[in-house]
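K.L.:
Have a look at the structure that comes next, please.
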Amino acid sequence: MTMTWSSDRIRDAFVGFFAARGHVVRPSASLIPVDPTLLLTNAGMVQFKPYFLGQETPPWPRAVSVQKCVRTVDIDIIGTTKRHLSFFEMLGNFSFGDYFKETAIPYGYEFCTEVLGLDPDRMWYTVHETDDEAAQIWVDSVGVPPGRVQRGGKDNFWQMGVPGPCGPSSEIFWDRGPQHGPDGGPIGGGEDRFVEIWNLVFMQNIQDEPYQVVGDLPAKNIDTGMGLDRVAAVLQDVDSVFEIDTTGHVLSAAERETGLRFGEDMAGDVSLRILADHARSVTFLIGDGVIPSNLGRGHVLRRVLRRAVRHAWQHGGDKLVVPALVEATIEVMGDAYPGLVEKSGLILDVATREEERFRRTLESGHQLLDTELSEGGGTLSGATAFRLHDTYGFPIELTTEIASERGIEVDMEGFEAEMAVQRERARAAWRGAASAQTEANYLRLADTQGLTDFLGYEEERARGRVLALVMEDEMVEKAEEGQLLELFLDRTPFYAESGGQVGDIGVIETETGLLQVFDTRHAIQGLHGHRGRVERGMLRVGQTATAVIDGSRREAVRKSHTGTHVLHWALRDVLGEHAGQAGSLVEAGRLRFDFSNPGPVSEAELAEVEAEANRRLIANHQVTTVVTTKEEATAMGALAFFGDKYGDTVRVVKVGDFSTEFCGGTHTMTSAQVGPLIVLGESSIGSNLRRVEALTGVAAYDHIVELRRSLDAAGRLLQTNVHEVPGRLEQLLSKIEGLEAQLGTIDEERRRGLVAELASRALTVGEVSLVVAESTETDPTGLRQVALGVRERVGPPVVVVLGAVGQGKGALIAAVSKDLVERGVSAADLISAGAAVLGGGSSRDPELAQAGGPQGSLLPEALELAREGAERALGPL
């Protein structure tokens, strides 16, 4: 066991072993999963989940993959242990109803001992406490000593934490030796000594919520996961997953960038581990299209990146650190994942911008903490500590450390309460919207009746059979007039919402009733649910039905969908290939397209995008559809649309020779059928994310007509030709600007006269000049300027109190010279009583205070109170 077992060699050995045993080699899925219950791909089985659930028929009985994964549930302990990572690679072999425990267990033993050369005397095994069959296979079929097989509880029952497949498991452990902890095996022995290297999951059950099994899957499946990083640590004979060839390369870069040395002290080691691990997560997440933001997976990326920067900053690192770590990650992982090399420019740009932004935030957070601590009090509130943690990225440890240096405690109970609320929000975001009962109904329906035969690419009308009716999570046999329900047919022309395209609307009619369909969606992938209201009569399960979509709406949607593809091409052509799709909405006559871009799109760029798109549309290119394998589509250069689900057989939509996209949506026959495409505008929807909205077809034409009408109307009002409207408006605006300047000059002259007149009315109280008067200046800003002008004209020591009435409301303002403020006179105190008379309050500035209220008729009384207050305040001076 030496460095000859590189990570690359381990990957190749694993894939080769199972490929030789009839497993189809599958590429890693994206870290952005199609599964709506997950934010990120966190296990090797995620891409195969529909096969386990019986939602889709697997195209092969066995598969093997090396899956990139990101898991941040335990992010707070990453760096403090030798084995936890947020980014990891999972080696997995899978069986979809083909082989089960009797084959999976011997495969595991054979690969570990005969291929990797692991010593059987240092291997241990666990099974679920109820799984006698697995224990017997280990002992009787494989031949391991009975004492090496231990029984565990919930740790030997694999679950995702969300509704889905689950099952008992058997784990393989490696004994690192007595120097790492006490003996006794994985259950009862030292946690650092016995390291899990492979988990064999016997995927046979389904759960609705964590630890609540509700039934069995359609078939008994195998899902295994061998952590590449952990087995590499064993084979390379290093102390932790942070010292293997891949992670260790990034850790060395972190040493160079921070000046820290691994092994010198615990705090430095924790930070270096975090930098090495988090840099890999950042690199792969951005490479797969995740952009830093405050929501969902974008928030995960932002949190991971900021945690890394924070640790460099804590140790005095004042220069950017993430870009160098990203480069190191691409250097060591680029051969296995070529996409990182292809997107290296984008990855570095996004990571650099985010770190620059966060370093500015860090300084602000430090200033906020400084301010909060300097305000005194023996405790820093939990809410403030949480805001520092969540908004500014301050670790609670750093907050408590700085606070303790000043003798201040942190309200940890309040902080933990805030954290609990955040964790619950995060858990809720990971769960799908459908209830467990509804999900179970859908799975049962798909299992017994099969998936929907979609006819909508060619047909707008079709006959089918009513398979099921669902109302309020319950399967029912009939539905009557006025009831809302979801109806399922064996075959349908209705397109279910997918890939941004809205679902079809229309009617479904049987001999006894009619359903008005107002939405169509995938209950589960491939099972079309028609949602609507029974408008007439009654519907029953088993009836023959005629389904008819709204054809004119579908045609308008087609135009928008083809327009979306052309707009996507134009954005990439003008802005660069980084402007990839991050979401879309395709409706009748309107589209919305979200894409990655580090900053706003200029007016000139947006105009060029619109022009390029329309030139391509007008050229009347053919729109063609090809059904092929995913591999062939990728070879054709087809782009994947965000959020779409792609099987092994895919549809590819081509517009001319310039746009090629994976797409399951409906499209026009030629580009010119889209009609004009009018871009309405561009805006920000988050950090590094932009949104373009546009109109197509008749909606775009109507918009142009309305603009023309408005322009004609403007020409008539300006008494000029429509082409001269901009020039005439410029002339008018210039004239208005000149007139406003003249008015400003007149206003200034009027105010100077008012200031002189009020100043001449100054009285003397002792050695202090006092002006208390009602002003004809009613504008709040003007009143303030007059008060300051009087104070300056009279000169110190002086007190000025002015009042005015405007639109029935009273206003007061007091201005006090600085020398009097230093002697204890406060402008705020002088007008507080008067403010109360006016029915309002006042500001608290001692040098210049303003007040107001709705009782303008009482201004004389308010001014008199202010005069009396001023005389009292000035008397003793």
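The values are calculated or read from the model by the stated rules, or taken from the named source; none is laboratory data. Computed from a predicted structure; not experimentally measured. Note that we place each Cβ from the backbone using ideal geometry, even for glycine, and neighbour counts take in every protein chain shown. Each accessible area value is taken on the protein alone, full model and side chains, heavy atoms only, with ligands, DNA and RNA left out. Shrake-Rupley method; radii C 1.70, N 1.55, O 1.52, S 1.80 Å.
K.L.:
How about residue 319: which aspartates and glutamates have a C-alpha closer than 14 Å to its C-alpha, ignoring those fewer than 8 places off in the same chain?
P.N.:
255, 257, 354, 355, 356, 363
K.L.:
Work out the length of the dipole vector of the chain about its Cα centre, built from +1 on the beta-carbon of each Lys and Arg and -1 on the beta-carbon of each Asp and Glu, and round it to the nearest 20 debye.
P.N.:
Once rounded to the nearest 20, the dipole reads 1680 debye.
K.L.:
Under 20 Å from the 7 Å Cα→Cβ point of residue 115, by amide nitrogen: which residues of the range 69-89?
P.N.:
Taking a point 7 Å out along Cα→Cβ of residue 115, the residues of the range 69-89 whose backbone N falls under 20 Å are 69, 88-89.
K.L.:
What residues qualify as long-range amide H neighbours of residue 394, i.e. H under 5 Å apart, gap of 5 or more or another chain, H built at 1.01 Å from N?
P.N.:
Long-range HN contacts for residue 394: 389.
K.L.:
Taking every pair of alpha-carbon atoms in the range 215-334, give the share separated by more than 22 Å as a whole percent.
P.N.:
Considering the range 215-334, 41 percent of its Cα-Cα pairs are separated by more than 22 Å.
K.L.:
So who's got an amide H within less than 5 Å of the one on residue 207, skipping anything under 5 residues away but keeping other chains? H placed 1.01 Å off N, in plane.
P.N.:
164, 166, 214
K.L.:
Can you compute the FRET efficiency between residue 823 and residue 745 using 1/(1 + (r/R0)^6), with r the Cβ-Cβ distance and R0 = 41 Å? Round to the nearest 0.05. Intermediate values should be presented prior to the final figure.
P.N.:
Values: r = 38 Å, r/R0 = 0.94.
The pair residue 823/residue 745 has a calculated efficiency of 0.60.
K.L.:
How big is the range 805-877 by the Kirkwood estimate over distinct Cα pairs, in Å?
P.N.:
12.0 Å is the Kirkwood radius here.
K.L.:
Report, in order of residue number, the helices in the chain meeting two criteria: a C-alpha extent of 15 Å or more along the helix axis, and a mean Kyte-Doolittle hydropathy of at least 1.6; treat each whole DSSP H run as one helix.
P.N.:
827-838
K.L.:
On full extension of the chain, what length is gained from residue 266 through residue 448, given 0.36 nm per residue of separation minus the C-alpha to C-alpha distance?
P.N.:
59.7 nm
K.L.:
So which of 49/101; 101/154; 559/654; 101/220; 82/343; 49/220 end up more than 21 Å apart, counting from Cα to Cα?
P.N.:
With Cα atoms farther than 21 Å apart: 82/343.
K.L.:
Which residues in the range 482-502 have a backbone N closer than 14 Å to a point placed 7 Å from the Cα of residue 536 along the Cα-to-Cβ line?
P.N.:
482
K.L.:
Using the charge dipole of the range 785-868 (Lys, Arg: +1 at Cβ; Asp, Glu: -1 at Cβ; taken about the Cα centre), state which of 800, 862, 810 has its Cα farthest towards the positive end.
P.N.:
The residue sitting most towards the positive pole is 810.
K.L.:
Oh, and also: Place a +1 charge on the Cβ of each Lys and Arg in the range 531-664 and a -1 charge on the Cβ of each Asp and Glu, then give the dipole magnitude about the Cα centre in debye, rounded to the nearest 20. Walk me through the numbers on the way to the answer.
P.N.:
On the way: 17 positive and 18 negative charges, 196 e Å.
Rounded to the nearest 20 debye, it is 940 debye.
K.L.:
Under a plain spin-label model, where a point goes 7 Å from the Cα along Cα-to-Cβ, how far apart in nm are residue 627 and residue 155?
P.N.:
Each label point lies 7 Å from its Cα, and together they span 5.0 nm.
K.L.:
Can you pull the three principal axis extents for the Cα set of the range 837-877, in Å, largest first?
P.N.:
34, 21, 10
K.L.:
Once phi is turned into θ = phi - 60°, what whole-Hz ³J(HN,Hα) does the Karplus curve with 6.51, -1.76 and 1.60 give for every residue of the range 508-524, x standing for Gly and Pro?
P.N.:
Calculated HN-Hα couplings, in order: 10, 10, 10, 5, 10, x, 9, 9, 8, 8, 10, 6, 10, 8, 7, 4, 9 Hz.
K.L.:
I'd like the carbon and sulfur percentage of the solvent accessible area for the range 162-305, probe radius 1.4 Å, heavy atoms only, ligands and nucleic acids excluded. Let's see the in-between values first.
P.N.:
Numbers: 2190 of 4670 Å².
Whole-percent figure for carbon plus sulfur exposure: 47.
K.L.:
Simple spin-label model, 7 Å along Cα-to-Cβ: residue 12 to residue 295 in nm?
P.N.:
Simple spin-label model gives 4.5 nm for this pair.
K.L.:
Under a 1.4 Å probe, what is the accessible area of the chain per residue, stated in Å²?
P.N.:
Here the per-residue accessible area is 44 Å².
K.L.:
On full extension of the chain, what length is gained from residue 357 through residue 374, given 0.36 nm per residue of separation minus the C-alpha to C-alpha distance?
P.N.:
On the way: separation 17, 0.36 × 17 = 6.12 nm, distance 2.61 nm.
Extra length available between residue 357 and residue 374 comes to 3.5 nm.
K.L.:
Turning to a different aspect of this structure: Report the extension gain between residue 383 and residue 80 in nm, rounded to one decimal, defined as 0.36 nm multiplied by the number of residues separating them, less their alpha carbon distance.
P.N.:
Using 0.36 nm per residue and subtracting the Cα-Cα distance, I get 106.5 nm.
K.L.:
With +1 on each Lys and Arg Cβ and -1 on each Asp and Glu Cβ, and nothing else charged, work out how big the dipole of the range 594-733 is about its Cα centre, in Debye to the nearest 20. Intermediate values should be presented prior to the final figure.
P.N.:
Details: 12 positive and 19 negative charges, 59 e Å.
The dipole of the range 594-733 has a size of about 280 debye.
K.L.:
Sticking with this one: Once phi is turned into ³J(HN,Hα) by the Karplus curve 6.51 cos²θ - 1.76 cosθ + 1.60 with θ = phi - 60°, what whole-Hz value does each residue of the range 473-489 show in order, with x for glycine and proline?
P.N.:
6, 10, 6, 10, 8, 8, 9, 10, 3, x, 7, 8, 7, 10, 10, 10, 10
K.L.:
Another question about this same structure. Taking all protein chains in place and a 1.4 Å probe, what share, in percent, of the accessible surface of the range 62-130 do carbon and sulfur account for?
P.N.:
45 percent
K.L.:
Another question, if that's okay. Given labels modelled 7 Å from the Cα in the Cβ direction, how far is it in nm from residue 845 to residue 735?
P.N.:
Placing both labels 7 Å along Cα→Cβ, they lie 3.9 nm apart.
K.L.:
For the range 618-777, with all protein chains present and a 1.4 Å probe, just round the carbon and sulfur fraction of the accessible area to a whole percent.
P.N.:
Carbon and sulfur: 55 percent of the exposed surface of the range 618-777.
K.L.:
Only Cα pairs under 8 Å and at least 6 apart count here; give the relative contact order of the chain as a rounded whole percent. Show your work: numbers first, answer last.
P.N.:
Values: 1739 pairs, mean separation 57.3, N = 877.
Relative contact order comes out at 7 percent.
K.L.:
For residue 689, what residues show an amide H to amide H distance below 5 Å, using hydrogens built from the backbone and excluding near sequence neighbours?
P.N.:
HN-HN under 5 Å from residue 689: 597.
K.L.:
Need the C-alpha centroid separation for the range 562-587 versus the range 268-338, integer Å.
P.N.:
28 Å
K.L.:
Tell me, what ³J(HN,Hα) does each residue in the range 64-71 have, in order and in whole Hz, if you take phi through Karplus 6.51 cos²θ - 1.76 cosθ + 1.60 with θ = phi - 60° and put x for Gly and Pro?
P.N.:
Taking θ as phi minus 60°, the curve returns 9, 8, 10, 9, 6, 9, 10, 9 Hz for the range 64-71.
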